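Okay, structure first, notes after.
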Amino acid sequence: AQSVTQPDIHITVSEGASLELRCNYSYGATPYLFWYVQSPGQGLQLLLKYFSGDTLVQGIKGFEAEFKRSQSSFNLRKPSVHWSDAAEYFCAVATGNRDDKIIFGKGTRLHILP
Amino acid sequence: EPEVTQTPSHQVTQMGQEVILRCVPISNHLYFYWYRQILGQKVEFLVSFYNNEISEKSEIFDDQFSVERPDGSNFTLKIRSTKLEDSAMYFCASSTTGAEAFFGQGTRLTVV
């Protein structure tokens with residue numbers, strides 16, 4: 001079965017600094033990969049997804065992620081964070097098979113220093 | 001843009017009571033899901049539903065839970081006898097193919 005590991009529970013960066021959130025997955029074939037963001041008490045917003053093709057994917061709010069098969073990773077990056085980026089970020093994986101579920105990582109809470 | 005709609009946004013219920021959480025999936029979607037997120041924890045899969053039957057359920061989805069698509073538009077999650085530990089955010093999701101699910105904004109269930 002597929003699984004996701006987000007090794008960092010909390011990350012703190014200064015406003016304007018670059019950001020990288022780590023995500024590793026476990027799945028035998030090429031997975032479908034997602035990053036979601038959740039503000040406190042809010043729902044899940046899809047930032048970006050990777051299904052196939054170009055391994056560098058662009059998302060909303062200036063985020064990007066790179067799929068690296070050799071490292072089983074799908075790290076999320078942003079060149080310059082804004083205070084409004086403070087939130088919980090979830091990496092998720094699916095097999096892409098019909099009706100298959102999405103499996104979420106435990107999340108990384110991003111804190112922004114002014 | 002089409003979206004998944006969940007009602008109510010917040011529900012408070014007494015322990016032992018039955019609750020029904022409602023969802024209106026995106027209209028042309030065929031696959032439906034419920035997920036749960038206990039406060040401060042990760043989002044966990046509960047159940048998937050396709051062609052009017054459960055496709056898969058997690059170990060969390062025990063006999064107190066049930067799902068139903070009572071008409072062509074709604075998808076419901078029923079919890080028969082709520083426990084304190086059922087307090088969580090419940091997310092509904094739907095998909096055309098299963099490759100990408102669209103999530104609703106969630107229903108926060110508080111059991112007191």
* Simple Cβ-charge dipole of the protein assembly as shown, Lys/Arg +1 and Asp/Glu -1, about Cα centre, in debye nearest 20 -> 260 debye
* Asked: Given H placed on each backbone N at 1.01 Å, which residues far from A:Gly96 in sequence or on other chains put an amide H within less than 5 Å of it?
  -> A:Tyr32
* Efficiency of FRET between A:Ser39 and B:Ile60 - r from beta-carbon atoms, R0 22 angstrom, step 0.05 -> 0.30
* **Kirkwood Rh (inverse of mean 1/r, distinct Cα pairs), the stretch A:1-99, angstrom** => 13.9 Å
* Asked: What percent do you get for the relative contact order of chain B when only Cα pairs under 8 Å and 6+ apart count?
  -> 39 percent
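Per residue of A:19-27, what is the mean number of Cβ atoms on other protein chains within 10 angstrom of that residue's Cβ? Don't jump to the answer; show the numbers that get you there.
Values: counts 0, 0, 0, 0, 0, 0, 0, 0, 0.
Rounded to a whole number, the mean comes out at 0.
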* So in chain A, what percent of DSSP beta bridges are antiparallel if you round to the nearest 5? -> 85 percent
* Determine the dipole magnitude for the stretch A:3-113: charges of +1 sit on the beta-carbon of Lys and Arg, -1 on that of Asp and Glu, nothing else is charged, the reference point is the Cα centre, and the result goes in debye to the nearest 20. => 180 debye
* Asked: When the Karplus curve 6.51 cos²θ - 1.76 cosθ + 1.60 is applied with θ = phi - 60°, which whole-Hz ³J(HN,Hα) does each residue of the stretch B:55-62 get, with x for Gly and Pro?
  -> 8, 7, 9, 8, 5, 5, 7, 8
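Relative contact order for chain A: what is it in percent, counting Cα pairs under 8 Å that are at least 6 residues apart?
Values: 282 pairs, mean separation 42.8, N = 114.
Relative CO of chain A lands at 38 percent.
Heavy atoms only, 1.4 Å probe, whole protein assembly: order A:Phe51, B:Phe75 by accessible area, highest first. It would help to have the intermediate numbers written out before the result.
Values: A:Phe51 60, B:Phe75 0 Å².
I get A:Phe51, B:Phe75, largest accessible area first.
Kirkwood-based Rg over Rh for the stretch B:5-111 (C-alpha set), two decimals? List each step's numbers first, then the result.
Values: Rg = 12.8 Å, Rh = 13.7 Å.
So for the stretch B:5-111, dividing Rg by the Kirkwood Rh gives 0.93.
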* **In order through the stretch A:58-75: 3J(HN,Hα) via Karplus (6.51 cos²θ - 1.76 cosθ + 1.60), integer Hz, x for Gly, Pro** => 9, x, 7, 6, x, 8, 9, 9, 10, 8, 10, 4, 5, 9, 6, 10, 8, 7
* Structure fact -> Here the residues of the stretch B:75-112 whose accessible area is at least 10 Å² smaller with all protein chains than in the chain alone (probe 1.4 Å) are B:Met89, B:Phe91, B:Thr97, B:Gly98, B:Ala99, B:Glu100, B:Ala101, B:Phe103, B:Gln105, B:Arg108
* Asked: What number comes out for the charge environment of B:Met89, summing +1 per Lys or Arg and -1 per Asp or Glu over other residues with Cβ under 10 Å away?
  -> +2
* When the Cα centres of the stretch A:1-47 and the stretch B:1-78 are compared, how far apart do they sit, in Å? -> 24 Å
* Can you give the average number of partner chain beta-carbon atoms within 10 Å of each beta-carbon in peptide A:86-94, as a whole number? -> 2
* **Within a Gaussian network of chain B (alpha carbon springs, distance under 10 Å), most fluctuating of B:Arg80, B:Arg22, B:Arg36** => B:Arg80
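The values are calculated or read from the model by the stated rules, or taken from the named source; none is laboratory data. In this text, all values refer to a predicted model and were calculated from it rather than measured experimentally. With ideal geometry, Cβ positions are generated from the backbone for all residues, glycine too; neighbour counts draw on all protein chains shown. Side chains are part of the model used for accessible areas, which takes the heavy atoms of the whole protein and leaves out ligands, DNA and RNA. Shrake-Rupley method; radii C 1.70, N 1.55, O 1.52, S 1.80 Å.
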